[in-house]
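The values are calculated or read from the model by the stated rules, or taken from the named source; none is laboratory data. Just so we're clear, the structure is a prediction, and the values are computed from it rather than from any experiment. Methodologically, a virtual Cβ is constructed for each residue, glycine included, from the backbone with ideal geometry; neighbour enumeration extends over all protein chains shown. SASA here: full protein model, heavy atoms, side chains in, ligands and nucleic acids out. Shrake-Rupley method; radii C 1.70, N 1.55, O 1.52, S 1.80 Å.
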Amino acid sequence: MAKVVILCPANSVTGGPELLHQFAYELSQNNVDASILYYPYGDYKTADTYAEYNVDVVDYLSVKNGKHVFVFPEVATNLAYDFESKKKYIWWLSVDNYFKAYPKDLYSSLKFKIKAILNKKSVPIPMDNMKQYKHLSQSEYGLQFLKKHNVVEAFKLTDYLNDVHLNNFVNIKDKENIVAYNPKKGVAFTQALIQANPTIQFVPIQGMTAVQVGELLNKSKVYIDFGEHPGKDRIPREAAMARCVVITGKKGSAANDIDVPIPSEYKFTENDEAYFQIGQVINDIFTDFISHNNQFENYRTIIKSEYEEFSAQVKEFAKLL
């Protein structure tokens, strides 16, 4: 069976890198030789946050000429040029983040074409060339995106929350009339929503440790997210497991009921009318929290089953090697 090398940004402690480590660990549980290769290439140690996954770390020189299976996150597709192996997977942990690094109009620009001619390794793999690679997708949104670009063969490989969130006990009697939000997501709409509802207490998730974020979600009744939802985001799921009522927009993965399977009355089209509508819903949640909270039991059940789904997907992936 081929060795699997998973590329991961060095010294990055976020949801994406954690999933890359979880993948390596789960592969090893299926008797697959899996390792992490950090980039930019250099001498790195696994962050303490990921020590529990006990992953092997390899260096670039030891694997660059090998006939291994390589897995690249979508934000690092240009690294695929660095390896001789033809067994390469692009893992779409997000969609929008690919275009944040490489704007959509980049491919038609003269600057891009010149860079590609001079050194193709300096630019991402254009979507027109993606059919040359195999693909994994963390979300239904990613699968739909790939199909629009004529990549019809993609393997779904999702993710899961760790036990800290799944075993989180929250006494709803301790909940307060607070709306938690990420100030980096959906900035313009969220700020306008806050201004339109001055009697509601909105608390930003910023400048906090992971423990402090958990404490805020545990005491909040509502979590709102009007961001881009570039993949199946973790924070809405963490909020749901903290017994928050989750309210979202309809962008990215939030547009479908597979990635974000919450009742439709908690998803809003972002327009001027929505400010008042969302404010009404939030106040109703504050008044009758238990009834609204019960609407999310199915979502929580799905979240609790995600590890089993991920484990089964990894087993199927291992059969492809």
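Tabulated data for the structure shown
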| quantity | calculated |
| --- | --- |
| Residue check for P198: more than 17 Å from the chain's Cα centre (by Cα) and part of a loop (DSSP other than H, G, I, E, B) | yes |
| Yes/no for E270 being in contact with a Gly (Cβ under 9 Å, 6 or more places away or on another chain) and more than 22 Å from N167 (Cβ to Cβ) | yes |
| Only listed residue being in a loop (DSSP other than H, G, I, E, B) and open to solvent by less than 30 Å² (accessible area, probe 1.4 Å), chosen from K185, K232, K221 | K232 |
| Some residue of region 26-36 being touching a helix residue (DSSP H, G or I) at 6+ places or on another chain (Cβ under 7 Å), modelled with pLDDT of 95 or more and part of a helix (DSSP H, G or I) | yes |
| Hey, A192 among the hydrophobic types (A, V, I, L, M, F, W, C), farther than 19 Å from P230 by Cα, in contact (Cβ under 8 Å) with a residue 60 or more places away in the chain and in a helix (DSSP H, G or I) or not | yes |
| For K134: the one exception among (1) open to solvent by 20 Å² or more (accessible area, probe 1.4 Å); (2) modelled with pLDDT under 95 | (2) |
| Given (1) open to solvent by less than 20 Å² (accessible area, probe 1.4 Å); (2) free of Cβ contacts under 8 Å to residues at least 60 places away in the same chain; (3) closer than 30 Å to V314 by Cβ, number of the condition L143 does not satisfy | (1) |
| Residues of region 171-182 that turn out to be among the aliphatic types (A, V, I, L, M) and assigned to a helix (DSSP H, G or I), as a count | 1 |
| Criterion violated by D56 - all others in (1) buried (at least 17 other Cβ atoms within 10 Å of the Cβ); (2) modelled with pLDDT of 95 or more satisfied | (1) |
| Sole residue being open to solvent by 30 Å² or more (accessible area, probe 1.4 Å) and touching a residue at least 12 places away in the same chain (Cβ under 8 Å), chosen from T287, T269 | T269 |
| Single residue of N31, N11 found to be polar (S, T, N, Q), more than 20 Å from the chain's Cα centre (by Cα) and surrounded by fewer than 21 Cβ atoms within 10 Å (Cβ to Cβ) | N31 |
